[in-house]
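Undergrad: Sharing a structure here in C-alpha coordinates format.
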Amino acid sequence: MEQTITQTKPIEEVLQKRPLIISGPCSAETEEQVMQTAIRLAATGKVDVMRAGIWKPRTRPGSFEGIGTKGLPWLQQARKVTGIPVAVEVATSKQAEDALHFGVDVLWIGARTTVNPFSVQDVADALRGVDVPVLIKNPINPDIELWIGAAERVAKAGIKTIGLIHRGFSSYGNTEYRNAPMWHLAIEMKRRYPEMMMINDPSHICGRRDILQDVAQTAMDLDFDGLIIESHIDPDMAWSDAKQQITPERLGEMLDSIRWRKEDIASEEYHANLEKLRQQINHLDDELMQIISQRMKAAEKIGQYKKDNNITILQTNRWNEILDRAFKSGEKLGLSKEFITKYFDAMHMESINHQNRIMNS
(Lines give C-alpha, C1' and ligand atoms only; values in the text may rest on other atoms or scores of the structure.)
Protein backbone atom coordinates (compact mmCIF):
# COMPACT_ATOMS: atom_id res chain seq x y z
CA MET A 1 0.00 0.00 0.00
CA GLU A 2 1.44 3.35 -1.05
CA GLN A 3 1.85 5.88 1.76
CA THR A 4 0.79 9.51 1.41
CA ILE A 5 3.57 12.09 1.46
CA THR A 6 2.92 15.08 3.73
CA GLN A 7 4.73 18.41 3.35
CA THR A 8 6.99 19.29 6.29
CA LYS A 9 7.02 22.88 7.56
CA PRO A 10 10.39 24.69 7.59
CA ILE A 11 12.11 23.80 10.85
CA GLU A 12 12.70 27.49 11.65
CA GLU A 13 8.94 28.00 11.64
CA VAL A 14 8.27 24.87 13.70
CA LEU A 15 10.72 25.89 16.44
CA GLN A 16 8.94 29.21 16.94
CA LYS A 17 5.85 27.46 18.34
CA ARG A 18 5.16 27.71 22.08
CA PRO A 19 4.85 25.41 23.79
CA LEU A 20 7.06 23.29 21.56
CA ILE A 21 6.29 19.59 21.94
CA ILE A 22 8.90 16.97 21.04
CA SER A 23 8.09 13.30 21.43
CA GLY A 24 8.99 9.84 20.20
CA PRO A 25 10.65 6.64 21.35
CA CYS A 26 13.71 6.48 23.54
CA SER A 27 15.16 4.21 20.84
CA ALA A 28 14.30 3.53 17.24
CA GLU A 29 13.91 -0.27 17.30
CA THR A 30 12.34 -1.36 14.02
CA GLU A 31 11.11 0.38 10.89
CA GLU A 32 7.52 -0.57 11.75
CA GLN A 33 7.83 0.76 15.32
CA VAL A 34 9.20 4.11 14.11
CA MET A 35 6.49 4.51 11.47
CA GLN A 36 3.62 3.53 13.75
CA THR A 37 4.87 5.85 16.48
CA ALA A 38 5.08 8.72 14.00
CA ILE A 39 1.58 8.07 12.65
CA ARG A 40 0.05 7.84 16.11
CA LEU A 41 1.88 10.97 17.28
CA ALA A 42 0.64 12.83 14.22
CA ALA A 43 -2.91 11.70 15.02
CA THR A 44 -2.78 13.55 18.35
CA GLY A 45 -2.25 16.81 16.47
CA LYS A 46 -0.01 18.01 19.31
CA VAL A 47 3.55 16.99 18.41
CA ASP A 48 5.83 19.42 16.58
CA VAL A 49 9.04 17.36 16.36
CA MET A 50 9.56 13.59 16.57
CA ARG A 51 12.57 12.40 18.52
CA ALA A 52 14.17 8.95 18.38
CA GLY A 53 17.40 7.54 19.78
CA ILE A 54 19.59 6.11 17.04
CA TRP A 55 22.79 5.78 19.06
CA LYS A 56 22.31 5.14 22.80
CA PRO A 57 25.19 5.78 25.21
CA ARG A 58 24.66 3.24 28.00
CA THR A 59 26.30 3.03 31.41
CA ARG A 60 27.32 -0.61 31.06
CA PRO A 61 28.31 -2.71 28.03
CA GLY A 62 25.84 -5.32 26.91
CA SER A 63 22.83 -3.00 27.08
CA PHE A 64 21.03 -2.05 23.87
CA GLU A 65 23.12 0.81 22.43
CA GLY A 66 20.86 1.79 19.56
CA ILE A 67 20.08 0.49 16.11
CA GLY A 68 22.69 2.76 14.55
CA THR A 69 22.80 4.53 11.20
CA LYS A 70 20.42 2.07 9.52
CA GLY A 71 17.60 3.67 11.54
CA LEU A 72 18.05 7.09 9.95
CA PRO A 73 16.18 6.21 6.71
CA TRP A 74 13.25 5.08 8.89
CA LEU A 75 13.05 8.61 10.31
CA GLN A 76 13.27 10.05 6.81
CA GLN A 77 10.27 7.99 5.75
CA ALA A 78 8.31 8.80 8.93
CA ARG A 79 8.79 12.52 8.21
CA LYS A 80 7.60 12.08 4.61
CA VAL A 81 4.44 10.33 5.72
CA THR A 82 3.51 12.56 8.69
CA GLY A 83 5.16 15.89 7.87
CA ILE A 84 6.66 15.98 11.36
CA PRO A 85 10.36 17.05 11.51
CA VAL A 86 12.72 14.64 13.23
CA ALA A 87 15.45 14.99 15.88
CA VAL A 88 18.21 12.67 17.06
CA GLU A 89 20.99 12.72 19.65
CA VAL A 90 24.59 12.82 18.41
CA ALA A 91 27.70 12.20 20.49
CA THR A 92 30.49 12.07 17.89
CA SER A 93 31.44 13.87 14.69
CA LYS A 94 30.63 10.72 12.68
CA GLN A 95 27.15 10.51 14.14
CA ALA A 96 26.57 14.21 13.39
CA GLU A 97 27.73 13.70 9.80
CA ASP A 98 25.47 10.67 9.33
CA ALA A 99 22.46 12.49 10.78
CA LEU A 100 23.04 15.46 8.47
CA HIS A 101 23.50 13.13 5.48
CA PHE A 102 19.99 11.75 6.06
CA GLY A 103 18.50 15.21 6.53
CA VAL A 104 17.71 15.10 10.23
CA ASP A 105 16.06 18.43 11.10
CA VAL A 106 17.25 18.93 14.70
CA LEU A 107 20.24 17.52 16.58
CA TRP A 108 20.66 17.34 20.31
CA ILE A 109 23.73 16.78 22.44
CA GLY A 110 23.08 14.42 25.35
CA ALA A 111 23.96 14.79 29.00
CA ARG A 112 26.79 12.26 28.82
CA THR A 113 28.37 14.27 26.00
CA THR A 114 27.83 17.72 27.52
CA VAL A 115 29.89 16.64 30.51
CA ASN A 116 32.97 16.20 28.27
CA PRO A 117 34.24 19.39 26.53
CA PHE A 118 36.36 17.32 24.11
CA SER A 119 33.28 15.43 22.92
CA VAL A 120 31.27 18.63 22.56
CA GLN A 121 34.07 20.19 20.54
CA ASP A 122 34.23 17.13 18.30
CA VAL A 123 30.53 17.48 17.47
CA ALA A 124 30.79 21.27 17.11
CA ASP A 125 33.65 20.92 14.62
CA ALA A 126 31.55 18.54 12.51
CA LEU A 127 28.74 21.13 12.43
CA ARG A 128 30.89 24.07 11.41
CA GLY A 129 29.31 25.84 8.47
CA VAL A 130 26.06 23.85 8.71
CA ASP A 131 22.68 25.50 9.30
CA VAL A 132 20.99 23.06 11.70
CA PRO A 133 19.30 23.71 15.08
CA VAL A 134 21.10 22.15 18.05
CA LEU A 135 19.62 21.47 21.47
CA ILE A 136 21.97 20.90 24.40
CA LYS A 137 21.05 18.83 27.43
CA ASN A 138 22.42 19.76 30.83
CA PRO A 139 25.42 17.67 31.96
CA ILE A 140 24.75 14.69 34.20
CA ASN A 141 26.43 16.38 37.17
CA PRO A 142 25.08 19.71 38.49
CA ASP A 143 27.73 21.92 36.88
CA ILE A 144 26.19 24.91 35.12
CA GLU A 145 29.57 25.97 33.70
CA LEU A 146 29.78 22.76 31.64
CA TRP A 147 26.33 23.51 30.25
CA ILE A 148 27.38 27.06 29.39
CA GLY A 149 30.64 25.83 27.88
CA ALA A 150 28.82 23.41 25.60
CA ALA A 151 26.52 26.16 24.35
CA GLU A 152 29.49 28.45 23.72
CA ARG A 153 31.38 25.77 21.75
CA VAL A 154 28.37 25.11 19.54
CA ALA A 155 27.80 28.85 19.05
CA LYS A 156 31.44 29.37 18.03
CA ALA A 157 30.95 26.72 15.34
CA GLY A 158 28.47 29.10 13.72
CA ILE A 159 25.24 27.41 14.80
CA LYS A 160 22.58 30.12 14.98
CA THR A 161 19.67 28.24 16.57
CA ILE A 162 20.67 26.79 19.93
CA GLY A 163 18.26 25.56 22.59
CA LEU A 164 18.68 24.02 26.03
CA ILE A 165 17.14 20.85 27.44
CA HIS A 166 16.70 20.48 31.19
CA ARG A 167 16.76 16.72 31.92
CA GLY A 168 17.72 16.78 35.60
CA PHE A 169 20.98 15.99 37.38
CA SER A 170 22.53 13.00 39.06
CA SER A 171 22.41 13.61 42.80
CA TYR A 172 23.56 11.59 45.81
CA GLY A 173 20.68 10.67 48.07
CA ASN A 174 18.01 11.45 45.47
CA THR A 175 15.27 8.80 45.61
CA GLU A 176 12.13 10.35 44.13
CA TYR A 177 13.49 11.05 40.67
CA ARG A 178 15.76 9.30 38.22
CA ASN A 179 17.56 12.64 37.92
CA ALA A 180 16.88 15.40 40.44
CA PRO A 181 15.31 18.43 38.68
CA MET A 182 17.36 21.05 40.55
CA TRP A 183 15.06 23.67 39.04
CA HIS A 184 17.25 26.52 40.25
CA LEU A 185 20.00 25.57 37.80
CA ALA A 186 17.63 25.60 34.82
CA ILE A 187 16.17 28.90 36.03
CA GLU A 188 19.69 30.37 36.25
CA MET A 189 20.37 29.27 32.67
CA LYS A 190 17.11 30.93 31.58
CA ARG A 191 18.20 34.10 33.35
CA ARG A 192 21.62 34.12 31.68
CA TYR A 193 20.42 33.11 28.22
CA PRO A 194 16.84 34.39 27.79
CA GLU A 195 17.20 34.21 24.01
CA MET A 196 17.65 30.42 24.06
CA MET A 197 14.61 28.19 24.25
CA MET A 198 14.48 26.04 27.39
CA ILE A 199 12.83 22.63 26.92
CA ASN A 200 12.00 20.41 29.88
CA ASP A 201 12.55 16.64 29.71
CA PRO A 202 10.19 15.05 32.27
CA SER A 203 11.00 11.54 31.03
CA HIS A 204 14.63 11.60 32.17
CA ILE A 205 13.89 13.60 35.30
CA CYS A 206 11.19 11.15 36.44
CA GLY A 207 12.39 7.79 35.18
CA ARG A 208 8.81 6.55 35.61
CA ARG A 209 5.59 7.51 33.90
CA ASP A 210 3.36 8.08 36.94
CA ILE A 211 4.89 11.46 37.84
CA LEU A 212 5.53 12.80 34.32
CA GLN A 213 2.56 15.14 34.37
CA ASP A 214 3.50 16.75 37.68
CA VAL A 215 7.00 17.59 36.45
CA ALA A 216 5.68 18.79 33.08
CA GLN A 217 3.19 21.07 34.84
CA THR A 218 5.93 22.51 37.04
CA ALA A 219 8.01 23.27 33.93
CA MET A 220 5.10 25.06 32.30
CA ASP A 221 4.40 27.02 35.48
CA LEU A 222 8.05 28.15 35.33
CA ASP A 223 7.58 29.42 31.76
CA PHE A 224 9.63 26.75 29.98
CA ASP A 225 9.32 26.89 26.20
CA GLY A 226 8.28 23.28 25.70
CA LEU A 227 8.56 19.61 26.59
CA ILE A 228 10.44 16.59 25.23
CA ILE A 229 8.64 13.43 26.31
CA GLU A 230 9.41 9.85 25.33
CA SER A 231 6.57 7.89 23.73
CA HIS A 232 6.32 4.34 22.39
CA ILE A 233 3.60 2.25 20.76
CA ASP A 234 4.09 -0.44 23.44
CA PRO A 235 6.03 1.15 26.33
CA ASP A 236 6.32 -1.94 28.51
CA MET A 237 8.04 -3.79 25.67
CA ALA A 238 10.48 -0.96 24.82
CA TRP A 239 14.09 -1.99 24.34
CA SER A 240 15.30 0.86 26.57
CA ASP A 241 13.85 3.01 29.36
CA ALA A 242 10.49 1.22 29.32
CA LYS A 243 9.28 2.61 32.64
CA GLN A 244 9.41 6.26 31.58
CA GLN A 245 7.71 5.99 28.17
CA ILE A 246 4.00 6.46 27.42
CA THR A 247 1.84 5.76 24.40
CA PRO A 248 1.16 8.57 21.90
CA GLU A 249 -2.48 8.53 22.98
CA ARG A 250 -1.57 8.92 26.66
CA LEU A 251 0.75 11.76 25.64
CA GLY A 252 -2.20 13.53 24.03
CA GLU A 253 -4.29 13.08 27.19
CA MET A 254 -1.48 14.35 29.38
CA LEU A 255 -0.96 17.46 27.25
CA ASP A 256 -4.71 18.14 27.38
CA SER A 257 -4.56 17.96 31.18
CA ILE A 258 -1.72 20.44 31.58
CA ARG A 259 -2.73 23.97 32.46
CA TRP A 260 -0.95 26.21 29.98
CA ARG A 261 -0.32 29.60 31.56
CA LYS A 262 0.55 32.93 29.99
CA GLU A 263 3.82 34.68 30.72
CA ASP A 264 2.08 38.02 31.09
CA ILE A 265 -1.18 39.89 30.43
CA ALA A 266 -1.69 43.45 29.24
CA SER A 267 -4.11 44.62 31.98
CA GLU A 268 -2.97 47.82 33.75
CA GLU A 269 -4.74 46.73 36.94
CA TYR A 270 -2.86 43.43 36.89
CA HIS A 271 0.51 45.15 36.53
CA ALA A 272 -0.32 47.72 39.24
CA ASN A 273 -1.35 45.05 41.75
CA LEU A 274 1.65 42.89 40.89
CA GLU A 275 4.01 45.84 41.25
CA LYS A 276 2.71 46.54 44.78
CA LEU A 277 3.40 42.95 45.80
CA ARG A 278 6.83 42.99 44.15
CA GLN A 279 7.75 46.16 46.02
CA GLN A 280 6.67 44.46 49.23
CA ILE A 281 9.01 41.58 48.43
CA ASN A 282 11.82 44.04 47.64
CA HIS A 283 11.41 45.69 51.05
CA LEU A 284 11.34 42.32 52.82
CA ASP A 285 14.46 41.25 50.91
CA ASP A 286 16.23 44.43 52.04
CA GLU A 287 15.28 43.68 55.64
CA LEU A 288 16.48 40.08 55.26
CA MET A 289 19.86 41.26 53.96
CA GLN A 290 20.22 43.60 56.94
CA ILE A 291 19.35 40.80 59.37
CA ILE A 292 21.75 38.38 57.67
CA SER A 293 24.50 40.99 57.84
CA GLN A 294 23.87 41.42 61.57
CA ARG A 295 23.99 37.64 62.00
CA MET A 296 27.38 37.49 60.27
CA LYS A 297 28.73 40.23 62.52
CA ALA A 298 27.66 38.17 65.53
CA ALA A 299 29.35 35.12 63.97
CA GLU A 300 32.56 37.13 63.56
CA LYS A 301 32.52 38.00 67.28
CA ILE A 302 32.09 34.30 68.06
CA GLY A 303 34.99 33.58 65.70
CA GLN A 304 37.18 36.03 67.58
CA TYR A 305 36.23 34.42 70.89
CA LYS A 306 37.07 30.96 69.50
CA LYS A 307 40.39 32.24 68.21
CA ASP A 308 41.29 33.80 71.55
CA ASN A 309 40.46 30.56 73.35
CA ASN A 310 41.91 28.18 70.71
CA ILE A 311 38.54 26.53 69.98
CA THR A 312 37.58 24.88 66.66
CA ILE A 313 35.15 26.67 64.36
CA LEU A 314 32.75 23.74 63.88
CA GLN A 315 30.68 22.89 66.92
CA THR A 316 28.49 19.96 65.86
CA ASN A 317 26.20 19.95 68.88
CA ARG A 318 25.47 23.65 68.47
CA TRP A 319 24.75 23.18 64.75
CA ASN A 320 22.30 20.35 65.49
CA GLU A 321 20.62 22.57 68.06
CA ILE A 322 20.21 25.39 65.49
CA LEU A 323 18.67 23.01 62.93
CA ASP A 324 16.26 21.45 65.43
CA ARG A 325 15.04 24.91 66.49
CA ALA A 326 14.67 25.96 62.86
CA PHE A 327 12.69 22.84 61.90
CA LYS A 328 10.24 23.35 64.77
CA SER A 329 9.77 27.04 64.04
CA GLY A 330 9.60 26.52 60.30
CA GLU A 331 6.90 23.88 60.55
CA LYS A 332 4.66 26.31 62.45
CA LEU A 333 5.34 28.99 59.80
CA GLY A 334 4.57 26.76 56.82
CA LEU A 335 8.18 26.36 55.66
CA SER A 336 9.32 23.01 54.34
CA LYS A 337 12.10 21.05 56.01
CA GLU A 338 13.88 20.88 52.65
CA PHE A 339 13.94 24.67 52.31
CA ILE A 340 15.08 25.21 55.90
CA THR A 341 17.90 22.68 55.45
CA LYS A 342 19.17 24.38 52.27
CA TYR A 343 18.79 27.88 53.72
CA PHE A 344 20.55 27.13 56.99
CA ASP A 345 23.27 25.08 55.26
CA ALA A 346 24.08 28.13 53.13
CA MET A 347 23.91 30.40 56.19
CA HIS A 348 26.13 28.04 58.16
CA MET A 349 28.80 27.89 55.43
CA GLU A 350 28.86 31.68 55.12
CA SER A 351 29.16 31.93 58.90
CA ILE A 352 32.08 29.45 58.85
CA ASN A 353 33.77 31.48 56.11
CA HIS A 354 33.51 34.66 58.20
CA GLN A 355 34.86 32.88 61.28
CA ASN A 356 37.65 31.28 59.24
CA ARG A 357 38.82 34.73 58.09
CA ILE A 358 38.91 35.87 61.73
CA MET A 359 40.76 32.72 62.81
CA ASN A 360 43.46 33.11 60.19
CA SER A 361 43.82 36.88 60.14
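The values are calculated or read from the model by the stated rules, or taken from the named source; none is laboratory data. Note that the structure is a prediction, hence the values are computed from the model and not measured. In this analysis, Cβ positions are derived from the backbone assuming ideal geometry, glycine residues included, and neighbour counts consider all displayed protein chains.
Undergrad: Is it true that some residue in the stretch 325-334 is under 20 Å from M296 (Cα atoms) and assigned by TED's automatic domain parsing to the domain that holds Q294?
TA: Taking the stretch 325-334 and keeping what is under 20 Å from M296 (Cα atoms), we get 325-326.
Going one step further and asking which of them are assigned by TED's automatic domain parsing to the domain that holds Q294, we end up with 325-326.
Yes, that holds for at least one residue.
Undergrad: Please tell me if I165 is within 15 Å of P57 (Cα to Cα), crowded, with 22+ Cβ neighbours inside 10 Å and in the same structural domain as A28 (by TED's automatic domain parsing). Working first, answer last.
TA: Working: within 15 Å of P57 (Cα to Cα): no; crowded, with 22+ Cβ neighbours inside 10 Å: yes; in the same structural domain as A28 (by TED's automatic domain parsing): yes.
Against the criterion (within 15 Å of P57 (Cα to Cα), crowded, with 22+ Cβ neighbours inside 10 Å and in the same structural domain as A28 (by TED's automatic domain parsing)), I165 does not qualify.
Undergrad: Suppose we filter D264, D223, D241 for residues that are farther than 25 Å from A43 by Cβ, of a type in the set (D, E) and surrounded by 11 or more Cβ atoms within 10 Å (Cβ to Cβ); which single one remains? I'd like the intermediate steps shown before the answer.
TA: Values: D264 fails: surrounded by 11 or more Cβ atoms within 10 Å (Cβ to Cβ); D241 fails: farther than 25 Å from A43 by Cβ.
Only one candidate passes the filter, namely D223.
Undergrad: Further, regarding this structure: Taking the stretch 5-30 only, how many residues are touching a Lys or Arg at 6+ places or on another chain (Cβ under 9 Å) and either part of a helix (DSSP H, G or I) or of a type in the set (S, T, Y) (or both)?
TA: Qualifying residue count for the region: 4.
Undergrad: Would you point out which residue out of G83, G68 is free of Cβ contacts under 8 Å to residues at least 60 places away in the same chain and either surrounded by fewer than 19 Cβ atoms within 10 Å (Cβ to Cβ) or not basic (K, R) (or both)?
TA: Numbers: G83 fails: free of Cβ contacts under 8 Å to residues at least 60 places away in the same chain.
From the options G83, G68, the qualifying one is G68.
Undergrad: Can you tell me how many residues within the stretch 126-162 are out of contact with any Pro (no Cβ under 9 Å at 6 or more places or on another chain) and either assigned to a loop (DSSP other than H, G, I, E, B) or buried (at least 19 other Cβ atoms within 10 Å of the Cβ) (or both)?
TA: Summing the residues that are out of contact with any Pro (no Cβ under 9 Å at 6 or more places or on another chain) and either assigned to a loop (DSSP other than H, G, I, E, B) or buried (at least 19 other Cβ atoms within 10 Å of the Cβ) (or both) in the stretch 126-162 gives 22.
Undergrad: In this structure, does L323 turn out to be out of contact with any helix residue (DSSP H, G or I) (no Cβ under 8 Å at 6 or more places or on another chain), more than 20 Å from H184 (Cα to Cα) and part of a helix (DSSP H, G or I)? Step through it out loud before you land on a result.
TA: Numbers: out of contact with any helix residue (DSSP H, G or I) (no Cβ under 8 Å at 6 or more places or on another chain): no; more than 20 Å from H184 (Cα to Cα): yes; part of a helix (DSSP H, G or I): yes.
No: the conditions fail for L323.
Undergrad: Still on this structure: If I filter the stretch 216-231 for residues that are among the acidic types (D, E), touching a Ser or Thr at 6+ places or on another chain (Cβ under 6 Å) and under 17 Å from S23 (Cβ atoms), do I get at least one hit? Steps first, please.
TA: Here is the first cut: in the stretch 216-231, the residues among the acidic types (D, E) are 221, 223, 225, 230.
Within this subset, residues satisfying the condition of being touching a Ser or Thr at 6+ places or on another chain (Cβ under 6 Å) are 230.
Filter once more, so that each one left must be under 17 Å from S23 (Cβ atoms): 230.
Yes, there is a match, as at least one residue in the stretch 216-231 is among the acidic types (D, E), touching a Ser or Thr at 6+ places or on another chain (Cβ under 6 Å) and under 17 Å from S23 (Cβ atoms).
Undergrad: Out of I258, I340, which single residue is farther than 30 Å from I233 by Cβ, among the aliphatic types (A, V, I, L, M), in contact with a helix residue (DSSP H, G or I) (Cβ under 7 Å, 6 or more places away or on another chain) and surrounded by 14 or more Cβ atoms within 10 Å (Cβ to Cβ)?
TA: Numbers: I258 fails: farther than 30 Å from I233 by Cβ.
I340 is the lone residue from the list that is farther than 30 Å from I233 by Cβ, among the aliphatic types (A, V, I, L, M), in contact with a helix residue (DSSP H, G or I) (Cβ under 7 Å, 6 or more places away or on another chain) and surrounded by 14 or more Cβ atoms within 10 Å (Cβ to Cβ).
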